[in-house]
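Written below as structure tokens is the structure these notes are about.
FYI, it's all coordinate maths here, none of it is from the lab. The model shown is predicted, which means the values in this text are computed figures rather than measured ones. All Cβ positions, even for glycine, are placed from backbone atoms using ideal geometry, and neighbour counts span all protein chains on display.
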Amino acid sequence: MSESRFVDANGIRLHYLDHGGDGPALVLTHGLSANAHFFDGLAAAGLAQSLRVLSFDLRGRGLSDAPDDGYTMDDHGADLLGALDALGLDRVALGGHSFGGLLTLYVAANAPERVERALVLDVPAEVDPAVLDQIGPSLARLERTYPSRKAYLEFVRALPYFDGDGWDDDVAAFYDAEIEELPDGTVRPRCRPAHIRRAVEGTFGPDWAAVAAAVECPTLLLRTTDPFGPPGSGPIMSEDGARRTLARLRRGRLVEAPGNHITFAFGPRAERVAAELLAFVDVPDAIRLSP
């Protein structure tokens, strides 16, 4: 079981989950509108047995502070580095999913002395505004209130991302963790649409090809292979896009994982991904599974 903790960093209070473990530190950051519980399945699947796994709520998400401003990549990077300073972590394995993967590349490129290895989960170093169409149904959930937790989870389960596969108790717990109850008894996601829009805008500034090329440490690029989004969508990261990103990385390795942009991190699929991450971080006796 993880422990819920807080740390003051860069002028705000950040929430994180300490999954325990006595090995090297692995610091994880989640996707655009997600929260730290996204990594619970991977931690339970083996990561926390060999690594000290810390997963953070980024500003404006989960239980972290949600200031009106400060959602650029510079701001998120300063938050993360401030948290590492406060926790006495000089050099870590740093990983992130989706938006958190971009943040991982950004920090690894701009503070190379702090990142031993980078784990970039299902995001290419190419930011295309068209991806908003694929994640649109998920972002739409932020605009509404719901009569109950049960109603909210039923709404999420009906999204195309879980069409016939991938929903389980761990996925439900991940989405449940983002809910706040309003005074009238209704519920809504904690993160506010305005903050998420600012975070999206913050991804359009950096030259991501140059950022990827500047990353010096070994970097694992993980691509999921299943479609994600409305009918007709492909995977979040195309095969060609993954290859282009890999070509820009100095010391990159590409791994493909079954599942879509969300389901790869839960259930039986999480065991396979956890094994790949452990092997990359070079944990003794880790089992590497072929794509």
Chain lengthening between Ala210 and Glu126 when straightened (0.36 nm per residue, less Cα-Cα) = 29.2 nm
For region 112-254, taking Cα atoms only, what is the radius of gyration to one decimal and the Dmax to the nearest whole Å?
-> 17.7, 53
Taking only the alpha carbons of the chain, the radius of gyration and the largest Cα-Cα distance, Dmax, both in angstrom, are 17.5, 53
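Restricting to bridges with both residues inside the chain, how much of the DSSP beta-bridge set is antiparallel, in percent to the nearest 5? Let's see the in-between values first.
Working: 14 of 39 bridges.
So the antiparallel bridges in the chain amount to around 35 percent.
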Least to most buried among Phe264, Phe174, Phe155, by other C-beta atoms within 10 Å and fewest first, runs Phe155, Phe174, Phe264
Give a residue-ordered list of calculated ³J(HN,Hα) values for region 175-186 (Karplus: 6.51 cos²θ - 1.76 cosθ + 1.60, θ = phi - 60°; whole Hz; x for Gly, Pro).
-> 6, 4, 5, 8, 8, 10, 8, 8, x, 8, x, 6
Simple SL model, points at 7 angstrom along Cα→Cβ for Ala173 and Asp240; separation in nm is 4.1
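Multiply the residue separation of Arg157 and Asp282 by 0.36 nm, subtract the distance between their alpha-carbon atoms, and state the gained length in nm to one decimal.
41.4 nm
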